[in-house]
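Reviewing the structure listed below.
The values are calculated or read from the model by the stated rules, or taken from the named source; none is laboratory data. Bear in mind that the values here come from a model prediction, so they are computed numbers and not experimental data. When we count neighbours, we look across all protein chains shown, and the Cβ atoms used for this are built from the backbone with ideal geometry, even at glycine. Quick note on the areas: whole protein, heavy atoms, side chains included, nothing else; ligands and nucleic acids left out. Shrake-Rupley method; radii C 1.70, N 1.55, O 1.52, S 1.80 Å.
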Amino acid sequence: MAETRRISRTTETVTGGSRRSEALISLRGLKKYFPIKTGVFGRTSGYVKAVDGINLDIYPGTTFALVGESGCGKSTTGQVVLRLQSATAGSVLYRGENVFDASEDRMRTLRKEMQIVFQDPYSALNPRMTVGAAIREILHVHGIATGLEAQDRVEAVLVRCGLQSHHVNRYPHEFSGGQRQRVVIARALALDPTFVVADEPISALDVSIQSQIINLLEDLRSDRDLTYLFISHDLSVVRHIADRVGVMYLGHLVEVSEKEEFYREQLHPYSQALLSAIPKSDPTIQKKRIILRGDVPSPANPPAGCPFHTRCPSVMEVCKTVKPQLRPTATGRYAACHLVHPPESGKDKER
Ligand code: SF4
C-alpha cells in the first residue's frame, strides 16, 4: 500500500491540469492486448491492442467521459478498470491502492465501491428473477442486509431511481427499456458505491427517454457524491454530463480537456473531426464537416508513428515514424499530436 500511495502522489497530475485534489482513480500505462490464436494448436500469432498504454486521472465527485468511435477500446478500458477483464500491463489506482494487487477478499470490498452500468439493461438482468430478488441477492452476497432490512433498501433505491416500490415483484420483461435501465442503475447503487463505470448507458434506449436517464445519473451524482467514468460515442450526450473529456483512438488517449474548453476548441485533429459531425442546434451557424479518409486501422496491426496518421487531414512526414505522446499544453490541456507539441522537443519516440 505504501508503494502504491507513493506512485499516486508522484504522478498525480498526469492528466489533471491544475487540479489540486487527489485523484479517486488513476490509470497508469494501462494496456489490454488480446492474443490472436491460429492453427490447430492455437499458437499466438499476434495481439489485438485494444488498450495501448493509457494514463489518466478521475477526480472525486466528477464525471470523466471517455469518447471515440466504436472499437477504439473505451469499453475494454472500463472493464479492465473494474478487473472484469485482466490487464496486460499497467496499474489502476483506487484511492492510491493498486486494484490489480488486491486479494480476492479485498476485491469483494472494492466491488461494493466500484460498480458498472452496462449498455443493454435487458441482458444485464436475470430474466427469471424479479428485480427485488436480484437486488436483494446482491445485498445478501455482500453482507449488507438481509430479510426485511434488505427489502426496505431495495424499495428505497428503486424509488430513488424513479420507479415504484411495488416494482420489486416484477420481472425484467415487464418493464420498458428506460425502466429496465433504471433498475440496472438501482442495482448498482444498492451497494452504495463511490465510483461507477457507465458504459454507453443510454445508447440502447429511445431518444425520448435518454435525457431522463442522463438527468437521473446527474441527480444521483450530486446526491451521493458519485464519481463516473462515462463511456459514450455520442458527443452531444457527453456535453450534458461530463466535467472532463478524454478522446480515444485505436487504444490510445489522444486528447484530455475540461469540457468547456473541449467543446470550444479541440486540439487534436481526430477530436475536431468527431465534433464536426455533431448537428448544430442553431441552423444559422455554419460549420464545415470534416470527413475522415479510410477506415480505422486494425488494432492487431496499428500503423507506425501516430496511430491516426493514416486518416489525419493534417498529416506530416514526421507523423509516419514518430509517435506523439500525450503531453500537457501551457494551459493544462493534454494532446498527443505533433501539431500541438512539435517533435523537436525530442520527447516523442520512433517506433
Ligand atoms: Fe495528425 Fe500528425 Fe497530429 Fe497525428 S501527430 S494527429 S498525424 S498531425
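Data overview
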quantity: Mean shadow area of region 204-323 over all directions, Cα convex hull, nm²; calculated: 9.5 nm²
quantity: Sites Arg224 and Val141, calculated FRET efficiency, Cβ-Cβ separation with R0 22 Å, nearest 0.05; calculated: 0.55
quantity: Choice from Leu110, Leu253, Leu189 showing the highest fluctuation, given a GNM over the chain with Cα pairs closer than 10 Å; calculated: Leu110
quantity: Label-to-label distance, nm, for residues given as Glu69 and Lys112 (7 Å Cα→Cβ offset); calculated: 4.4 nm
quantity: Convex hull volume per residue for the chain, taking Cα atoms only, in Å³; calculated: 169 Å³
quantity: Extreme residue, positive dipole direction of the chain, given options Leu66, Ser276, Pro343 (C-beta unit charges); calculated: Pro343
quantity: Given charges at beta-carbon only (K, R positive; D, E negative), |dipole| of region 227-319 in Debye; calculated: 300 debye
quantity: Value at 222 nm in deg cm²/dmol, rounded to 500, when DSSP H runs of n ≥ 4 in the chain each add -39,500 (n - 2.57); calculated: -9000 deg cm²/dmol
quantity: Cys with no candidate disulfide partner in the chain (beta-carbon separation under 4.7 Å rule); calculated: Cys72, Cys161, Cys312, Cys337
quantity: Kirkwood hydrodynamic radius over Cα pairs of region 172-213, then Stokes diffusion coefficient at 20 °C and 1.002 mPa s, in µm²/s; calculated: 194 µm²/s
quantity: Per-q log10 I(q)/I(0), region 69-160, q = 0.16, 0.19, 0.21, 0.25 Å⁻¹ (Debye; single scatterer per alpha-carbon; no solvent); calculated: -0.85, -1.05, -1.14, -1.27
quantity: Values of log10 I(q)/I(0), in the order q = 0.13, 0.18, 0.23 Å⁻¹, for region 194-271 under a Debye, Cα-only, solvent-free model; calculated: -0.42, -0.80, -1.18
quantity: Bridge type composition, the chain - antiparallel percent by DSSP, nearest 5; calculated: 65 percent
quantity: Convex hull (Cα only) mean projected area of region 141-261, reported in nm² to one decimal; calculated: 9.0 nm²
quantity: Using alpha-carbon coordinates, inclination of helix 147-160 to the longest axis of the chain, degrees; calculated: 50 degrees
quantity: Degrees, to the nearest 10: 104-113 long Cα axis against longest axis of the chain; calculated: 90 degrees
quantity: The chain, accessible surface, carbon-and-sulfur percent (1.4 angstrom probe); calculated: 50 percent
quantity: Acute angle (nearest 10 degrees) that the helix 207-224 long axis makes with the longest principal axis of the chain, alpha-carbon atoms; calculated: 80 degrees
quantity: Radius ratio Rg over Rh of region 25-88, counting only Cα atoms, Kirkwood formula for Rh; calculated: 1.07
